[in-house]
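Visitor: So that we are looking at the same thing, I have put the structure below in structure tokens.
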Amino acid sequence: MNKKIKVTDLGSKDYQETWDFQEQLFQEILSIKSENKKHDTFNETPNHLLFVEHPHVYTLGKSGDVSNLLIDEKQLKEKGASFYKINRGGDITYHGPGQVVGYPILDLENFFTDIHKYLRLLEESVILTLEEYGVKSGRSEGETGVWLDVGTPFARKICAMGVRASRWVTMHGFALNVNSDLGYFDHIIPCGIRGKAVASLNVELGVDKVNEEEVKERIKKYFSQLFEATLI
């Protein structure tokens, strides 16, 4: 079992390019697993954690409803945004500047074989990170992700999640609003959930800008602890 996770920060990168890169890493792991099964070998599978910031983009999960995108192609262009239908779970979400996006591409057989636990640990790494900023967050029953003021009329989502897994290999991941322009969420029904607002860390703290590199470092710290992994 390989508990090392290679961390790569892609900086600002186009959504399609990043998706293609994820898919390449994902297929490489599946290929090793397939060869191991075929030849009864035990070659180690690698694990990756990608950090990235995307230009304005809306993505719709495979079970999502396209009517949750509230603007047309012309308006997308005016907003400088693109739109993709993708192969993760979940409905529609937004990515853009000021958001810390993490894509863990893990062979869960190196850690544990439980997708529910995997999602809960992703959430926990964000919850613990936000706690360091004095922001209390939590889970909303039946709604994957990280929320503020759960169970009140002011409930709002600060981190969206959507994953795909095949033969215990994961891709896609989480998007934490750190310095996000929340106006872009007005053009969708986020995650297909009506009547729920979204939040960004800088707004919650009442500051212009939060140090995104610091946020990533804190996420990495908790990610490695929770997955009992070594980040390289």
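Visitor: Which condition number in (1) surrounded by 20 or more Cβ atoms within 10 Å (Cβ to Cβ); (2) in contact with a Ser or Thr (Cβ under 6 Å, 6 or more places away or on another chain) is the one that Val126 fails?
Guide: Failing condition for Val126: (2).
Visitor: Scanning for something at pLDDT 95 or above, in a loop (DSSP other than H, G, I, E, B), within 26 Å of Tyr15 (Cβ to Cβ) and not polar (S, T, N, Q), does the stretch 176-191 turn up at least one residue?
Guide: The answer is yes; a qualifying residue exists.
Visitor: Starting from the stretch 1-21, keep only residues that are more than 12 Å from Glu53 (Cα to Cα), then list their pairs with residues that are of a type in the set (D, E, K, R) and open to solvent by 40 Å² or more (accessible area, probe 1.4 Å) whose Cβ atoms are within a distance under 7 Å, requiring at least 6 positions of separation or different chains.
Guide: Listed pairs, sorted by first residue: Asn2/Glu44; Lys3/Glu228; Val7/Lys220.
Visitor: Take Lys37 and tell me if it is at negative phi, charged (D, E, K, R) and free of Cβ contacts under 8 Å to residues at least 60 places away in the same chain.
Guide: Here the answer is yes, as Lys37 does meet what is asked.
Visitor: Right, here's the next one. Does Leu148 count as in contact with a Phe, Trp or Tyr (Cβ under 9 Å, 6 or more places away or on another chain), touching a residue at least 24 places away in the same chain (Cβ under 8 Å) and hydrophobic (A, V, I, L, M, F, W, C)?
Guide: So Leu148 passes the test.
Visitor: Across the stretch 129-165, which residue is surrounded by the fewest Cβ atoms within 10 Å (Cβ to Cβ) among those that are modelled with pLDDT of 95 or more and among the hydroxyl-bearing types (Ser, Thr, Tyr)?
Guide: Across the stretch 129-165, the extreme among qualifying residues is Tyr133.
Visitor: Could you please tell me which pairs satisfy a Cβ distance under 7 Å, a separation of 6+ or placement on different chains, a first residue in the stretch 200-229 that is touching a residue at least 40 places away in the same chain (Cβ under 8 Å) and under 14 Å from Leu121 (Cβ atoms), and a second residue that is open to solvent by 70 Å² or more (accessible area, probe 1.4 Å) and outside any helix (DSSP H, G or I)?
Guide: Here the result reads Ser224/Thr230; Ala229/Lys4, each pair linking the stretch 200-229 to a residue that is open to solvent by 70 Å² or more (accessible area, probe 1.4 Å) and outside any helix (DSSP H, G or I).
The values are calculated or read from the model by the stated rules, or taken from the named source; none is laboratory data. Since the structure is predicted, the reported quantities are computational estimates derived from the model, not experimental observations. Positions of Cβ are backbone-derived with ideal geometry, glycine not excepted, and every protein chain shown enters the neighbour counts. Heads up: the accessible areas ignore ligands, DNA and RNA and are worked out on the full protein's heavy atoms, side chains in. Shrake-Rupley method; radii C 1.70, N 1.55, O 1.52, S 1.80 Å.
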